[in-house]
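The values are calculated or read from the model by the stated rules, or taken from the named source; none is laboratory data. Bear in mind that the values here come from a model prediction, so they are computed numbers and not experimental data. In this analysis, Cβ positions are derived from the backbone assuming ideal geometry, glycine residues included, and neighbour counts consider all displayed protein chains. Heavy atoms of the whole protein, side chains included, go into the accessibility calculation; ligands, DNA and RNA do not. Shrake-Rupley method; radii C 1.70, N 1.55, O 1.52, S 1.80 Å.
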Number of protein chains: 2
Amino acid sequence: MSENANDPRIVRTMHMLREALLALMEEQGFERITVKDITSKAGLNRGTFYLHYADKFDLLERITEEMMQGLRQIAQTFDPLDLVMHESRDTPFPFTVRLFEYFGEHARFFSVMLGPKGDPAFSVKFKEFMQVHLMDKFNEFHHSEDYVPVPWDYLMAYLISAHLGIVQYWLEQGRDYTPWDMALMFTRMTQLSPIQSAGLKK
Amino acid sequence: MSENANDPRIVRTMHMLREALLALMEEQGFERITVKDITSKAGLNRGTFYLHYADKFDLLERITEEMMQGLRQIAQTFDPLDLVMHESRDTPFPFTVRLFEYFGEHARFFSVMLGPKGDPAFSVKFKEFMQVHLMDKFNEFHHSEDYVPVPWDYLMAYLISAHLGIVQYWLEQGRDYTPWDMALMFTRMTQLSPIQSAGLKK
DNA sequence: TCATTAATCAACACGAAGTTTATTTTAGGA
DNA sequence: TCCTAAAATAAACTTCGTGTTGATTAATGA
């Protein structure tokens, strides 16, 4: 395993291995892929792979960590004031718009990883991210002593999974709406009941 | 590969292989499991495995198909009249209750397959099931010419993923509520907005 | 230009896959 | 109870991918 030098050969090699892995995951899913597959798709020697990564799991982890890092960076720009400002208006959170832009920029990765050939552990990572950076901001509104129609933790699981589903579907459909449109959908679906969202009531 | 005889030896062997696979999936996830692992956990000869299954994928597929068959059978008992009868009442659909009972009976399988060590393709299968047997029943209410706050297909993706998330969370938590409770949550969350479900409004 | 280091190439031991053949064990009817 | 068909075992075997090593070639950048 090499140090993270600025050697352009290293950068180029690692990039080609990453691209090859994503391409193969789209075709076969992670399970069936061998290191031999990856290197031959990348046009590199098999031995070269082991100069940079321990195994295919390691490679996937590094890519994943990079993407999660990007998400965390966006999350830092999140201003809780947005929640108040957009509360009752029919406008999307800028933060959510930025997230969808990021998904779009890395559509290849998210599409594969959140799709049927992907890694369910990544969905979990992604849900944890939403829990920490989106849902926990609402915790101040939650008082356990009050009666609630649905337990708080189940409501969180419901919302997080619903939002994940929207992202997945959007990527599956080839991103047929703009990030702005998608963020607006999020706002509406949070404020309306499913029946209202469908336009069946009120 | 053998025919589906009633030979008790076959039944016993196949059952042991299935149980061993599920146990191993809980520990390691499907990816890392070898046929050797499965047979040694089952206390069987490795060659015996190949008398019944082509490979570990085949084994998993057969288990999955059996579970999906069980779901389809429950779906047949579904009476659309229930939807009308329970529309504005605070009671669960008997159909949904029955589904949660089934998940509970096969908690081992669903917990693994829908969890972080599972198979994302199974989640897709499961979503398709919900789409066909739950969501499509609402299609008659949908008129594409009307204005709707959220596109119909995105709303479906939202609801299906949300419901899947609830099932996943329930299994993760060790089924801390009864199937009846869970079905009631479904009803409430469909009729209320997330904000109302949280008890923050009205 | 030259020292450094990445990438290639070939060889290696190892382990699991999947197959085959012979042998032992088991089920269940005569 | 005995006997036969078939399932399970055991042991070999080939094939393939893994991860490592050592020698060689090619690219980088000071």
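Here is how the numbers come out for the structure above:
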{"item": "Cβ-vector label at 7 Å, A:A107, separations to other copies in nm", "result": "4.2"}
{"item": "Size of charge dipole - the range A:1-160 - debye, nearest 20, with Cβ of Lys, Arg +1 and Asp, Glu -1, no other charges", "result": "900 debye"}
{"item": "Calculated label separations, B:R175, copies of the chain, 7 Å along the beta-carbon direction, nm", "result": "4.3"}
{"item": "Simple label model, 7 Å out from Cα along Cβ direction - B:A23 to B:E65, nm", "result": "2.6 nm"}
{"item": "Residue mean of other protein chain beta carbons inside 10 Å, A:166-173", "result": "4"}
{"item": "Spin-label model distance (nm) - B:R108 vs A:D136, 7 Å beyond Cα toward Cβ", "result": "3.6 nm"}
{"item": "A:T48 paired with B:E101, simple spin-label distance in nm, labels 7 Å along Cα-to-beta-carbon", "result": "6.1 nm"}
{"item": "Sparsely packed chymotrypsin sites (Phe, Trp or Tyr not before Pro) within the range A:108-202, loop by DSSP, other Cβ within 10 Å at most 13", "result": "A:Y147"}
{"item": "Cβ neighbours within 10 Å from other chains - mean over A:29-40", "result": "1"}
{"item": "Span from the the range A:2-66 Cα centroid across to the the range A:151-185 one, whole angstrom", "result": "30 Å"}
{"item": "Among A:D153, A:D119, A:D90, residue whose mean-square fluctuation peaks in a GNM of chain A (springs only between Cα atoms under 10 Å)", "result": "A:D153"}
{"item": "In the range A:6-112, the GluC sites (Glu not before Pro) that fall in loop regions by DSSP, at most 14 other Cβ within 10 Å", "result": "A:E87"}
{"item": "Accessible area in square angstrom per residue, the range A:62-197, 1.4 angstrom probe", "result": "45 Å²"}
{"item": "Table column - 3J(HN,Hα) (Hz), the range B:163-178, Karplus curve with 6.51, -1.76, 1.60, x for Gly and Pro", "result": "5, 4, x, 5, 4, 4, 5, 4, 5, 4, 7, x, 6, 7, 10, 6"}
{"item": "Label point 7 Å beyond Cα along the C-beta direction, distances from B:V84 to other copies (nm, shortest first)", "result": "5.0"}
{"item": "Filter on B:K56/B:K137; A:K125/B:K127; B:K125/B:K201; A:K41/B:K41; A:K137/B:K137 - keep pairs with C-alpha separation over 31 Å", "result": "B:K56/B:K137; B:K125/B:K201; A:K41/B:K41; A:K137/B:K137"}
{"item": "Positive dipole terminus of the protein assembly as shown, leading residue within A:L59, B:F100, A:V84 (C-beta point charges)", "result": "A:L59"}
{"item": "Chain B - percent relative contact order, Cα under 8 Å, separation 6 or more", "result": "23 percent"}
